[in-house]
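A single structure is presented below for examination.
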């Protein structure tokens with residue numbers, strides 16, 4: 001399909017229109033001085049092709065030539081030069097070669113090819129894929145549209161030269177316009193619609209043109225429905241071609257050297273993909289449909305993932321396939337897949353994405369409607385997040401649940417979001433298997449060649465409604481009337497092959513029967529399974545992590561201490577610039593000098609303690625990755641793990657990578673301004689290996705709420721739902737400091753609510769770690785980063801020291817526990833407010849303050865010891881958060897279970913509130929003082945007793 005708007009007059013005899021200035025190869029030019037034109041005008045005007053040319057137009061052409069001879073066509077240049085050399089009137093013009101009229105700017109016309117607007121993409125033939133039944137006026141769809149360009153049918157037989165920017169000619173350099181249009185129609189207006197002209201890279205555009213314009217290119221679930229007709233399977237009926245599409249992408253990628261493919265997809269078609277692409281044992285899938293079998297995964301069958309290594313029979317190479325489990329939040333798995341892919345590339349040294357790649361499957365409504373898609377696309381080319389190209393496959397059902405696409409998006413296509421990263425988009429009619437396979441081959445080759453994202457839009461339909469129990473006729477009657485009449489693609493394609501003599505009817509029926517037999521036999525075997533094998537549903541196995549020498553690994557926490565030499569060495573590197581001729585900011589020089597003084601005094605603050613922890617792990621060969629907004633410097637200008645040369649752009653230094661000769665690498669990277677996408681990415685990265693410390697830090701702890709989906713659906717229940725192990729660490733700045741409701745609370749109550757320890761049961765046994773595996777949520781400080789009392793000595797970190805789940809009071813109260821009248825249990829920075837107030841009131845001997853450092857798993861054993869230590873004391877939970885927030889609702893029942901409800905557990909803190917914090921400094925201080933007054937007023941609770 002050809003758009004000729006910018007060269008409207010190129011195919012007709014010359015007129016005065018200015019749009020034809022540089023088009024005709026046979027146009028004459030003006031004399032040296034325009035005044036001389038009068039003596040040329042008669043013979044020039046006598047030329048038939050100049051009839052209708054105005055002197056004003058020729059004058060303009062003449063002046064253009066005077067300014068720059070190359071600004072006019074060669075024929076004009078010759079004409080002017082001949083006239084200037086004294087050619088007689090009527091002889092300066094030289095005729096073009098007699099071959100034909102020439103189309104010298106066809107490449108310019110091709111730059112506006114938009115055949116996808118009229119391509120036959122919908123298998124049902126009832127809806128335009130771009131949601132627009134009207135056609136742009138400048139697209140030639142019939143001889144009637146020729147008039148738009150001032151053409152008639154006689155122009156179609158004129159022959160035109162072909163520019164080097166097109167491939168439609170093959171070995172021919174010129175073609176009739178009729179054939180040019182026909183070939184472009186065949187390339188761009190059949191069952192494939194290509195969007196690529198927005199890509200601002202000529203090489204990439206030419207690569208795509210060659211794949212679709214070159215002449216001679218050849219485009220090359222029923223069983224489950226019978227057995228479980230009333231089950232929600234979210235089958236592929238209507239887009240059965242997805243299976244050969246994925247196999248084609250994987251086969252071609254394997255041929256190009258890829259040996260590990262990580263996939264993410266929504267529920268539709270998952271069981272089919274598991275069975276026919278990843279090759280999961282069919283009996284294991286059928287087990288999921290047997291209600292008598294014990295399902296250890298804890299989730300519905302169409303959410304589960306898998307990891308499998310097998311031989312690719314097309315390339316005869318090993319390939320590993322991993323399908324990541326995901327919830328019903330359809331696109332939430334996108335960044336998780338990308339993070340896992342990045343991790344696998346990192347661990348195998350695949351810096352260009354040649355060995356490990358990702359494939360993401362999407363639904364059309366979700367691809368257009370979910371913001372996480374946009375967030376994930378914008379990670380695709382960032383240095384610390386790129387996976388060097390993802391193949392996106394959109395299963396375009398042309399409907400979202402029961403929502404018509406015309407009501408579900410404002411963009412023409414569901415795939416328009418991909419244009420933000422210049423990803424080519426290939427729309428294809430899913431009822432044309434050969435076109436689908438061809439497009440998927442091209443997509444895989446694109447990713448292998450350019451290592452950038454690409455989108456395949458499979459325009460299909462959904463035969464059975466949203467799930468197998470829905471009645472789609474309620475809301476889409478016309479669409480589903482057509483679907484009821486639509487032959488399945490397998491039947492249509494089989495009939496085509498039979499008509500072509502490629503196969504015969506008995507051969508076709510034999511293949512169908514053969515696969516049915518395979519399914520029947522697997523179904524029979526599944527009845528013998530007593531317990532569903534969990535190992536078959538792991539998408540990221542950690543082999544050997546839970547065992548040591550064949551025995552279960554101890555989950556007790558070893559000493560976390562370091563020797564003095566290592567502490568000093570790490571501290572010295574942390575306070576220096578280990579690169580020569582590197583100029584740092586003056587303010588940073590003072591910070592590093594202060595660090596150096598702390599090291600000499602054997603003291604650490606929060607930032608230096610973090611440095612010590614990271615450095616010690618790097619020495620042990622454990623990779624560390626810290627990601628988030630502002631993490632390189634630290635939101636509160638405390639970390640400074642990346643130093644910037646003040647005189648050289650982009651010259652940086654990471655001292656942490658200069659600690660030890662054979663240390664593990666440290667990756668610290670500022671992220672895009674995304675929480676949902678980036679936390680999902682880091683979660684995926686942490687899935688790949690247990691031998692790494694992967695941390696995500698929120699700019700403020702409050703901001704994790706925009707990533708709540710990842711926390712709710714992946715992080716907290718992942719072990720229970722999908723047997724998915726993960727060691728992700730979340731650093732969430734938290735503390736009430738009068739900074740307002742959006743910069744105060746990391747919402748600890750939400751995390752505690754999702755912990756599964758029973759508040760009414762005192763655990764009989766269990767080591768200090770409490771659980772086999774738990775993610776780590778750290779409510780990090782803000783004001784405490786520079787608080788003079790928030791310091792620790794090297795002595796607290798030497799060999800033999802351990803993490804303290806509970807930090808008891810060590811002052812006067814602890815020396816006379818029988819005299820203590822009140823024990824304040826607390827956590828976080830309120831401890832420093834309490835100790836300051838206790839000192840001011842001279843109550844060190846009357847009130848003990850016990851810090852709970854690990855809230856979950858709850859330290860029942862240690863807090864029982866503390867309660868028994870002060871037999872006459874009242875027990876108070878004190879927090880700076882509002883009563884309906886923070887820790888109180890979690891801690892109170894557990895404290896009561898700890899003491900067997902022997903006495904009440906009182907509350908001292910802010911009153912209940914809807915917002916997390918006030919933005920008024922005076923109100924904040926008033927609330928804080930009221931909190932402290934309550935905590936230290938020994939008569940405060942008498943009226944309530």
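The values are calculated or read from the model by the stated rules, or taken from the named source; none is laboratory data. Worth saying up front: this structure is predicted, and the values here are computed from it rather than measured. Heads up, the Cβs are rebuilt from the backbone with ideal geometry, glycines too, and the neighbour counts pull from every protein chain shown.
Take residue 320 and decide whether it is surrounded by fewer than 21 Cβ atoms within 10 Å (Cβ to Cβ), over 13 Å from the mean Cα position of the chain (by Cα) and farther than 23 Å from residue 689 by Cβ. Talk me through it step by step, then tell me what you get.
Working: surrounded by fewer than 21 Cβ atoms within 10 Å (Cβ to Cβ): yes; over 13 Å from the mean Cα position of the chain (by Cα): yes; farther than 23 Å from residue 689 by Cβ: no.
It is false that residue 320 is surrounded by fewer than 21 Cβ atoms within 10 Å (Cβ to Cβ), over 13 Å from the mean Cα position of the chain (by Cα) and farther than 23 Å from residue 689 by Cβ.
Go over the candidates 517, 452 one by one and state the one that is assigned to a loop (DSSP other than H, G, I, E, B) and either farther than 29 Å from residue 397 by Cα or not assigned by TED's automatic domain parsing to the domain that holds residue 199 (or both).
On the way: 517 fails: assigned to a loop (DSSP other than H, G, I, E, B).
Just one listed residue meets the conditions, 452.
A follow-up question, please. Among the residues that make up the range 764-775, is at least one of them touching a strand residue (DSSP E or B) at 6+ places or on another chain (Cβ under 8 Å), at pLDDT below 95 and surrounded by 12 or more Cβ atoms within 10 Å (Cβ to Cβ)? Give the derivation first.
Of all residues in the range 764-775, those touching a strand residue (DSSP E or B) at 6+ places or on another chain (Cβ under 8 Å) come to 775.
With at pLDDT below 95 added as a condition, the list becomes 775.
Next cut, surrounded by 12 or more Cβ atoms within 10 Å (Cβ to Cβ) only: 775.
Yes, some residue in the range 764-775 is touching a strand residue (DSSP E or B) at 6+ places or on another chain (Cβ under 8 Å), at pLDDT below 95 and surrounded by 12 or more Cβ atoms within 10 Å (Cβ to Cβ).
While we're on this one: Here is a list of conditions, (1) assigned to a helix (DSSP H, G or I); (2) touching a helix residue (DSSP H, G or I) at 6+ places or on another chain (Cβ under 6 Å), and residue 726 meets all of them except one; can you say which number that is?
(1) is the only condition that residue 726 fails.
Another question, then. Given the condition at pLDDT 90 or above, under 17 Å from the mean Cα position of the chain (by Cα) and part of a strand (DSSP E or B), answer yes or no: does some residue in the range 348-356 qualify? Working first, answer last.
Just the residues of the range 348-356 that are at pLDDT 90 or above, to begin with: 348-356.
If we keep only those that are under 17 Å from the mean Cα position of the chain (by Cα) as well, we get 353, 356.
The next check asks that each one be part of a strand (DSSP E or B); those that pass are 356.
Checking the range 348-356: at least one residue is at pLDDT 90 or above, under 17 Å from the mean Cα position of the chain (by Cα) and part of a strand (DSSP E or B).
Taking the residues in the range 464-475 that are closer than 25 Å to residue 413 by Cβ and touching a helix residue (DSSP H, G or I) at 6+ places or on another chain (Cβ under 6 Å) as candidates, determine which candidate is surrounded by the fewest Cβ atoms within 10 Å (Cβ to Cβ).
Here is the first cut: in the range 464-475, the residues closer than 25 Å to residue 413 by Cβ are 464-466, 472, 475.
With touching a helix residue (DSSP H, G or I) at 6+ places or on another chain (Cβ under 6 Å) added as a condition, the list becomes 465, 472.
On the way: 465: 19, 472: 17.
Top of the filtered list is 472.
Got a sec? Which of 876, 891 is modelled with pLDDT of 95 or more, touching a strand residue (DSSP E or B) at 6+ places or on another chain (Cβ under 7 Å), outside the structural domain of residue 750 (by TED's automatic domain parsing) and outside any strand (DSSP E or B)? It would help to see each step written out before you state the result.
On the way: 876 fails: outside any strand (DSSP E or B).
Within the list 876, 891, the selection yields 891.
If you don't mind, another one. Would you tally the residues in the range 304-318 being within 22 Å of residue 687 (Cα to Cα) and not in a strand (DSSP E or B)?
So the answer is 2.
Can you tell me which residue among 799, 788 is more than 40 Å from the chain's Cα centre (by Cα), modelled with pLDDT of 90 or more, under 27 Å from residue 880 (Cα atoms) and not assigned by TED's automatic domain parsing to the domain that holds residue 747? If you could, list the steps in order and put the result at the bottom.
Working: 799 fails: under 27 Å from residue 880 (Cα atoms).
Answer to the selection: 788.
Taking only the range 504-513 into account, find how many residues are in contact with a helix residue (DSSP H, G or I) (Cβ under 8 Å, 6 or more places away or on another chain) and loosely packed, with under 15 Cβ neighbours inside 10 Å.
Kept after step one, since they are in contact with a helix residue (DSSP H, G or I) (Cβ under 8 Å, 6 or more places away or on another chain), are these residues of the range 504-513: 504-505, 508.
Filter once more, so that each one left must be loosely packed, with under 15 Cβ neighbours inside 10 Å: 504-505.
Adding up the residues that qualify gives 2.
So, of the residues in the range 595-624 that are in contact with a helix residue (DSSP H, G or I) (Cβ under 6 Å, 6 or more places away or on another chain) and not in a helix (DSSP H, G or I), which turns out to be farthest from residue 703 (Cα to Cα)?
Only one residue fits best here, namely 602.
What do you reckon, is residue 105 at pLDDT below 75 and either touching a helix residue (DSSP H, G or I) at 6+ places or on another chain (Cβ under 6 Å) or closer than 30 Å to residue 460 by Cα (or both)?
Working: at pLDDT below 75: yes; either touching a helix residue (DSSP H, G or I) at 6+ places or on another chain (Cβ under 6 Å) or closer than 30 Å to residue 460 by Cα (or both): yes.
Judged against the criteria, residue 105 is a match.
Restricting attention to the range 671-719, report how many residues are assigned to a loop (DSSP other than H, G, I, E, B) and either more than 14 Å from residue 372 (Cα to Cα) or not assigned by TED's automatic domain parsing to the domain that holds residue 751 (or both).
Taking the range 671-719 as the starting set, the residues that turn out to be assigned to a loop (DSSP other than H, G, I, E, B) are 671-675, 688-691, 698-700, 716-717.
Going one step further and asking which of them are either more than 14 Å from residue 372 (Cα to Cα) or not assigned by TED's automatic domain parsing to the domain that holds residue 751 (or both), we end up with 671, 688-691, 698-700, 716-717.
Counting residues in the range 671-719 that are assigned to a loop (DSSP other than H, G, I, E, B) and either more than 14 Å from residue 372 (Cα to Cα) or not assigned by TED's automatic domain parsing to the domain that holds residue 751 (or both) gives 10.
Also: Mind checking whether some residue in the range 918-926 is in the same structural domain as residue 940 (by TED's automatic domain parsing), surrounded by 14 or more Cβ atoms within 10 Å (Cβ to Cβ) and assigned to a loop (DSSP other than H, G, I, E, B)? Step through it out loud before you land on a result.
First, pick out the residues of the range 918-926 that are in the same structural domain as residue 940 (by TED's automatic domain parsing): 918-926.
Still in the running and surrounded by 14 or more Cβ atoms within 10 Å (Cβ to Cβ): 918-919, 924.
Those left that are additionally assigned to a loop (DSSP other than H, G, I, E, B): 918-919.
Yes: one or more hits.
To continue, here is another question. Within the range 373-412, track down each residue that is surrounded by fewer than 21 Cβ atoms within 10 Å (Cβ to Cβ), in a strand (DSSP E or B) and within 11 Å of the chain's Cα centre (by Cα).
Residues satisfying the conditions do not exist here.
Of all residues in the range 625-658, how many are closer than 18 Å to residue 698 by Cβ, buried (at least 16 other Cβ atoms within 10 Å of the Cβ) and touching a strand residue (DSSP E or B) at 6+ places or on another chain (Cβ under 7 Å)?
Kept after step one, since they are closer than 18 Å to residue 698 by Cβ, are these residues of the range 625-658: 625-639, 641.
This time we only want the ones that are buried (at least 16 other Cβ atoms within 10 Å of the Cβ), so: 625-629, 631-636, 638-639, 641.
So of that shortlist, the ones also touching a strand residue (DSSP E or B) at 6+ places or on another chain (Cβ under 7 Å) come out as 625-629, 631-632, 635, 641.
Residues in the range 625-658 being closer than 18 Å to residue 698 by Cβ, buried (at least 16 other Cβ atoms within 10 Å of the Cβ) and touching a strand residue (DSSP E or B) at 6+ places or on another chain (Cβ under 7 Å): 9 in total.
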